[in-house]
């Protein structure tokens, strides 16, 4: 069913990049999503009343529906930021080894 929906006229899929993505962390799982999905989720959360449920698709096309109260973190993950985190962890490990 998902493939048929993607081929309907007027529906364009966002290009998927596995280098730059966002992580939507919820109770029990982390979802890899695109910028467009993050913006749609934030619009749902920014409405006057917090919704009971969040609905979105991950970068692989899977549809998810989860209680909004269970989503607690959205993080940008680019190649550059991941490299910086790895470098930071390496330096801190080296400092700990010196002590």
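The values are calculated or read from the model by the stated rules, or taken from the named source; none is laboratory data. These numbers come from a predicted model, not from an experiment. Neighbour counts run over all protein chains shown; Cβ positions are idealised from the backbone, glycine included.
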(message) Can you tell me which condition residue 22 does not meet? The list is (1) more than 28 Å from residue 83 (Cβ to Cβ); (2) touching a helix residue (DSSP H, G or I) at 6+ places or on another chain (Cβ under 6 Å); (3) modelled with pLDDT of 90 or more; (4) surrounded by 12 or more Cβ atoms within 10 Å (Cβ to Cβ), and all the others hold.
(response) (1)
(message) Need pairs with beta-carbon distance below 8 Å; first residue closer than 14 Å to residue 72 by Cβ and within region 28-50, second surrounded by 10 or more Cβ atoms within 10 Å (Cβ to Cβ) and at pLDDT below 90; sequence gap 6+ or separate chains.
(response) 45/51
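Yes or no: residue 75 under 19 Å from residue 19 (Cα atoms) and assigned to a helix (DSSP H, G or I)?
No; evaluated as a whole, the condition is false for this residue.
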(request) Give the residue that is modelled with the highest pLDDT, with candidates limited to residues of region 48-72 that are loosely packed, with under 10 Cβ neighbours inside 10 Å and over 15 Å from residue 23 (Cα atoms). (result) 65
